[in-house]
Amino acid sequence: MRTLLLAALTGAAALAAPAYADVIQLTPADDWLAVINGEHLPPGTTVVLHGGTYLTPDDVLLNIGHVGTAEAPVTIMAAPGETPVITRNTFGSFDDYFTNLEHNVINMRGAQHVVLQGLEVTGGNWGIRIGAKTDWAFSTFELPMGDILRPAHHVTIRGCHIHHTHNTALSANFRGEVYDSIDIIENEIHHAGRWGESIYLGNYDGSVTQGIVKNSRVVRNYLHDNVWENSWYQDPAGPYYHGTAIQLKDGCYNNLIAQNVMHYTFYPAVLVSGAKSVFGDETAPDWGRNVIERNVVWQISKVPGDLTGQGMQVAADAIVRGNIVYAPQPFYTSDHQTLCGDLEIVGNTFIGSTDLLIDTLQIASVPSFPILVANNALYRGPNYPVAITGPGSVSSLVTITGNVTILDLAAALADAPALDFFPVAGSPLIGAANLLHALDVDFNGTVMGGDATVGAYAYDAAGNPGWKVAEGPTIATAVVRAGGLGNPTGFQSSSDPVLGHRWNAAVDVSSPGALGSVLALGLGGPTWGIVLGPDVIGELLVLPPLVFDFAQGSHSIDMPVDPLLLGAQISVQAAVPALTGTRLNNAIDLHLGDY
């Protein structure tokens, strides 16, 4: 059977590639709007946009409002290795930002189980705006936003580049709407207009019309240089520097904000209110606190002489752990749209400014609910031994344990001004943590395993084994790609393809008669639509020459160390041979990165 599989796969290039209705290939010269605009694409459709500029006419509202299913989402994606640019010239007036969706580059009204992948989005008013399908007339401003006909949920924005919009880059924030499972993963976002907000989730107006985002993920995004100098922040009342990278409004719950890289954001890079709302959602079975972990933030402002700025501002109902923040005021909590409290602030590295008398970790309001502050590495300056301050810091509801206030930065960390926050030998952070509140994994994802180092890293005498914080990380990605025949999606990545590290993946081999699993690394690149014959079920999605890896479902492959391969793309497909034939699974397109 192994011989049959190898012969079938290596001979695949000679076979014709039939077209299937479920995979639609488009270029800017095609009538692409007729395909992607609207809500008519059936579940399982994949639209592949090839490189070029896709310009929406001024009088057309682009709404990607299709409805897929969990098993068969609708996917609109870039052709591997190509860059489709979605844009429009008009962006409306300053006061038109909320009422006329026609000026947004992409609307996603009523989208369900829809994936946007690898697109470049620029120009227009808002970049991507997610919301429910309603009966609201878009030409007038009324509240509430009309009767909801179909909510938006299970929307994924992955690997996109959103920039130079004239308003918020990406949002799910209409009033009165509840958004479930909005995943924003591995995107680069910069130069957002008006208030300079990269990602805006939820809406708060103090009433039952607020918007709620729940069970969603904002993970591994690169968010930087938020404010666009030629955009609307220079309004008659301005300039108004806002510039939040990730904003999560009151009432949004059970969301994950993790492994994002953020710098030059002006306002708090992460601004999170509480997870309890006027809707009483904390009684819902899926309610949970928001988790903010393993993010890095530095250098809030580029304005000469501007030393103000908070790295993170979190009010309530959140776990904040394993983050690195290098900012004038790294962390701040107070009453904001909700009462302060129900916080765990654990295992972070917070490096403050020595230029202003700004607190490193400030609890500005007396909390109404408990707060745990544990195992954080804190620096305010060589003459400031107290870094946890504010009226709330002396409250009986606040537990402070295992933290270390650094006085000599060079004796504690490798080179903080150069963004190297790893502990050095002899650092006062080593061995000082309260193990009752130890992290499970550190900033790098290293299992702590009883390591008692304070801050975001586990100590390693050999030095930092992971990514060194820097501008412009090349984000390693592993993106599942199914074929037009609907190959089973039993092939999943369990780690990221980072240069010099091991990439791990698993294949479902539970089917009767399965003899194991095979990964085919298609060095010739990705493809669609190649059928191998009666003994092989499914569609070949990679091109020869092929390199094979055999296992019993669990695969572990060393990624190359060569920096010349940074950004390289490799397509991998799984196959499960059995006595009755071979089943081809989905492919995973790997983008080799350093983070």
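The values are calculated or read from the model by the stated rules, or taken from the named source; none is laboratory data. Just so it is clear, the model here is predicted, and its values are computed rather than measured. Cβ coordinates were reconstructed from backbone atoms using ideal geometry, including for glycine residues, and neighbour counts include every protein chain displayed. These accessible areas exclude ligands, DNA and RNA; they are computed on the full protein's heavy atoms, side chains included. Shrake-Rupley method; radii C 1.70, N 1.55, O 1.52, S 1.80 Å.
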With at most 16 other Cβ atoms within 10 Å, longest stretch of the chain clear of loop GluC sites (Glu not before Pro) (DSSP): 230-470
Accessible area (Å², 1.4 Å probe, nearest 10) - His153: 50 Å²
Eigenvalues of the alpha-carbon gyration tensor of segment 477-592, times 5 and square-rooted, give semi-axes in Å, largest first, of 24, 16, 11
Give the accessible area for His154 in Å² (nearest 10); use a 1.4 Å probe, count only protein heavy atoms, and leave out ligands, DNA and RNA. 70 Å²
How much accessible area per residue does segment 477-592 have, in Å², with a 1.4 Å probe? 41 Å²
State the dimensionless ratio Rg/Rh of the chain (Rg: radius of gyration of Cα atoms; Rh: Kirkwood radius). 0.98
Of the options Leu541, Ala578, Leu519, report the single residue whose Cα projects farthest towards the positive end of the charge dipole of segment 477-592 (beta-carbon charges: Lys, Arg +1; Asp, Glu -1). Ala578
Could you state how much accessible area Tyr459 has, in square angstrom rounded to the nearest 10, with a 1.4 Å probe and all protein chains kept in place? 60 Å²
By accessible area of protein heavy atoms, probe 1.4 Å, what ranking do Tyr267, Tyr179, Tyr332 get, highest first? Tyr267, Tyr332, Tyr179
Amide H contacts under 5 Å for Gln25, placed H, 5+ residues apart: Val48
Segment 384-396 - phi-based ³J(HN,Hα) in whole Hz, Karplus 6.51/-1.76/1.60, Gly and Pro as x: 10, x, 10, 10, 9, 9, x, x, x, 5, 9, 5, 5
When every protein chain stays in place and a 1.4 Å probe is rolled, Leu339, Leu546, Leu248 sorted by accessible area with the largest first are Leu339, Leu546, Leu248
Please compute the alpha carbon radius of gyration of segment 509-551, then divide it by the globular-protein estimate 2.2 N^0.38 Å. Two decimals is fine. 1.27
note: segment 394-541, Cα-Cα separations exceeding 20 Å make up a percent value of 65 percent
Projected area of segment 327-387, taken from the Cα convex hull and averaged over every viewing direction, in nm²? 4.3 nm²
Please report the carbon-and-sulfur percent of the accessible area for segment 477-592; probe 1.4 Å, protein heavy atoms only, DNA, RNA and ligands left out. 59 percent
